[in-house]
Amino acid sequence: MAHAYTPGLKVSNREVVRKTRRLPIKGEVTVEVGDMVQPHDVVAKTEIPGDPVSVNISQLLTVEPYELPDVVTVKEGETVEKGQVIARKISFFGLFKSEQMSPVDGTVEMISDVSGQMVLREPPTPLDVEAYVEGIVRRVLPEEGVVVETAGAFIQGIFGIGGERRGAIKVVASSPDERIEPSALDASCEGKIVVVGSVATAGILRRAEEVGVVGLVSGGIVDADLIDYLGYDIGVAITGHEDIPLTLIITEGFGPMRIADKTFELLQELEGQEASLNGATQIRAGVMRPEIISPDASMLEQLRDAPEDVDTEDEDESGGLGVGTPIRIIRDPYFGALAEVTGLPPELQVVESETRVRVLNARLADGTEVMVPRANVEIIEG
């Protein structure tokens, strides 16, 4: 049976979107405020430190820790290669010689005459952060990243897997509720974001992988097909880091689901246009939705005259709660339920977990009045 979490998600052909592109550790920002960037332009870069490798010189050469200065052949800060001699012990007037080789390429980080250990640090891994979307740099976060602003078509899904990718949109489904066969995907789909209709089966996912599809968009997916394709149950963790060669975006819910008419019509209008997509999803407080962004050239031109800076790092502002605000509840026991805010008590309330939190009163679609923590809801965009 299909279970729809009716999306009040953003589906617009004219939307201004801001994306924060941030390094995991401090590094160098390579662009400036006002620069126009393309999706694959590097906007920030850094180096992830290599793993430390400990070599117990004292034990391996049977010497006392305080004897290390007499046997090591390298110095702290020196670069070494795998197989290079890093310590040598000569005994019995030079008749016997024991040597210890470096197990890795790297740098000598520490030599301890207390523990008898030498610590080698493997080479750092370069990390580049790309712009992801075509747009203009609105803000520089020193040594961390940038805020890129773009404008055009913006479609949010309800669930997705796979990371950031880019390609031209191709619609192979003739209607929003069509169930296509894997054979509908052919060589013309290579490098494309393909709209496949009401359901993405395991067969469609595998066929898409075979022909080189970079992204799939469908109304729904059956749990068993998702597990079959991934080889494991994805659970409730944040998605987007799966080791797969494509990105999947589900627009409606689980089970075969007709794509919303507005969404399908917009995807048809965008056919042939380049778009960026990301399947990263988090259905908890701090909601993260999968997305498709297709910039519009005329709207991008208008951005050049906008203010040069933005005050927020958040790309999706949802506004404030108020009586009458439509919401979706994103935690059990009312997960997926649509409701309307009926009250915002100012005092903290004790909830089932015995913690004191801010709550709101809401009326569910069937008229039931409930009280839920404010962190457990998301505002439905009009």
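The values are calculated or read from the model by the stated rules, or taken from the named source; none is laboratory data. The model shown is predicted, which means the values in this text are computed figures rather than measured ones. Quick reminder, even Gly has a Cβ in these numbers, built from the backbone with ideal geometry, and neighbours come from all protein chains shown.
Given the criterion touching a residue at least 60 places away in the same chain (Cβ under 8 Å), among the acidic types (D, E), surrounded by fewer than 17 Cβ atoms within 10 Å (Cβ to Cβ) and in contact with a strand residue (DSSP E or B) (Cβ under 8 Å, 6 or more places away or on another chain), identify the matching residue among D223, D177. Don't jump to the end; show me each part of the working.
Working: D223 fails: touching a residue at least 60 places away in the same chain (Cβ under 8 Å).
From the options D223, D177, the qualifying one is D177.
I'd like the residue in region 250-294 that is within 14 Å of the chain's Cα centre (by Cα) and within 21 Å of S188 (Cα to Cα) and, out of all such residues, is surrounded by the most Cβ atoms within 10 Å (Cβ to Cβ). Spell out how you get there, then give the answer.
First, pick out the residues of region 250-294 that are within 14 Å of the chain's Cα centre (by Cα): 276-283, 286-292.
Next cut, within 21 Å of S188 (Cα to Cα) only: 276-277, 292.
On the way: S276: 24, L277: 29, I292: 27.
Step by step, filter region 250-294, then rank; the result is L277.
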Exercise for review: Test G116 against the stated conditions and say whether it is of a type outside the set (K, R) and either under 30 Å from A297 (Cα atoms) or crowded, with 22+ Cβ neighbours inside 10 Å (or both).
Suggested key: no
Check your understanding: Can you name the residue in region 318-331 that is modelled with pLDDT under 70 and surrounded by fewer than 10 Cβ atoms within 10 Å (Cβ to Cβ) and, of all such residues, is nearest to T368 (Cα to Cα)?
Key -> G320
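Can you spot a residue in region 351-369 that is of a type outside the set (K, R), surrounded by 13 or more Cβ atoms within 10 Å (Cβ to Cβ), outside any strand (DSSP E or B) and modelled with pLDDT of 75 or more? Steps first, please.
Of the residues in region 351-369, the ones of a type outside the set (K, R) are 351-355, 357, 359-362, 364-369.
After this cut, where a residue has to be surrounded by 13 or more Cβ atoms within 10 Å (Cβ to Cβ) as well, the list is 351, 357, 359-362, 364.
After this cut, where a residue has to be outside any strand (DSSP E or B) as well, the list is 351.
So of that shortlist, the ones also modelled with pLDDT of 75 or more come out as none.
The answer is no, given that none of the residues of region 351-369 is of a type outside the set (K, R), surrounded by 13 or more Cβ atoms within 10 Å (Cβ to Cβ), outside any strand (DSSP E or B) and modelled with pLDDT of 75 or more.
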Practice item. Report yes if T79 is at negative phi, at pLDDT 95 or above, among the hydroxyl-bearing types (S, T, Y) and within 33 Å of the chain's Cα centre (by Cα), otherwise no. Key: no
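Does region 6-33 hold any residues that are small (G, A, S) and farther than 28 Å from L270 by Cβ, and which are they?
Keep residues of region 6-33 that are small (G, A, S), which gives 8, 12, 27.
The one that is small (G, A, S) and farther than 28 Å from L270 by Cβ: G27.
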Review point. Within region 255-278, can you find the residues that are at pLDDT below 95 and assigned to a loop (DSSP other than H, G, I, E, B)?
Key: G255, P256, M257, R258, I259, A260
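Could you tell me which of the residues E64, E15, E47, E28 is in contact with a helix residue (DSSP H, G or I) (Cβ under 7 Å, 6 or more places away or on another chain) and in contact (Cβ under 8 Å) with a residue 40 or more places away in the chain? Reasoning before the result, please.
Values: E15 fails: in contact with a helix residue (DSSP H, G or I) (Cβ under 7 Å, 6 or more places away or on another chain); E47 fails: in contact with a helix residue (DSSP H, G or I) (Cβ under 7 Å, 6 or more places away or on another chain); E28 fails: in contact with a helix residue (DSSP H, G or I) (Cβ under 7 Å, 6 or more places away or on another chain).
Within the list E64, E15, E47, E28, the selection yields E64.
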Exercise for review: Could you pull out every one of the strands (runs of 3 or more DSSP E) wholly within region 90-168 that has 3 or more residues that are over 30 Å from F254 (Cα atoms) and under 26 Å from the mean Cα position of the chain (by Cα)?
Suggested key: 125-130, 135-141, 145-156
**Study point:** Meets criteria (out of contact with any helix residue (DSSP H, G or I) (no Cβ under 9 Å at 6 or more places or on another chain), on the phi > 0 side of the Ramachandran plot and not hydrophobic (A, V, I, L, M, F, W, C)) for G272
**Key:** yes
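So which residues in region 169-188 are of a type in the set (A, V, I, L, M, F, W, C) and assigned to a strand (DSSP E or B), if there are any at all? Give the derivation first.
Of the residues in region 169-188, the ones of a type in the set (A, V, I, L, M, F, W, C) are 169, 171-173, 180, 184-185, 187.
Scanning region 169-188 gives I169, V171.
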Review point. For region 184-212, how many residues are among the basic types (K, R) and touching a strand residue (DSSP E or B) at 6+ places or on another chain (Cβ under 9 Å)?
Key: 1
Exercise for review: Provide a single number: the residues in region 211-224 that are touching a helix residue (DSSP H, G or I) at 6+ places or on another chain (Cβ under 9 Å), in a helix (DSSP H, G or I) and farther than 20 Å from L277 by Cβ.
Suggested key: 1
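Take V85 and decide whether it is of a type outside the set (G, A, S), within 14 Å of V55 (Cα to Cα) and buried (at least 16 other Cβ atoms within 10 Å of the Cβ). Steps first, please.
Working: of a type outside the set (G, A, S): yes; within 14 Å of V55 (Cα to Cα): yes; buried (at least 16 other Cβ atoms within 10 Å of the Cβ): no.
The answer is no for V85.
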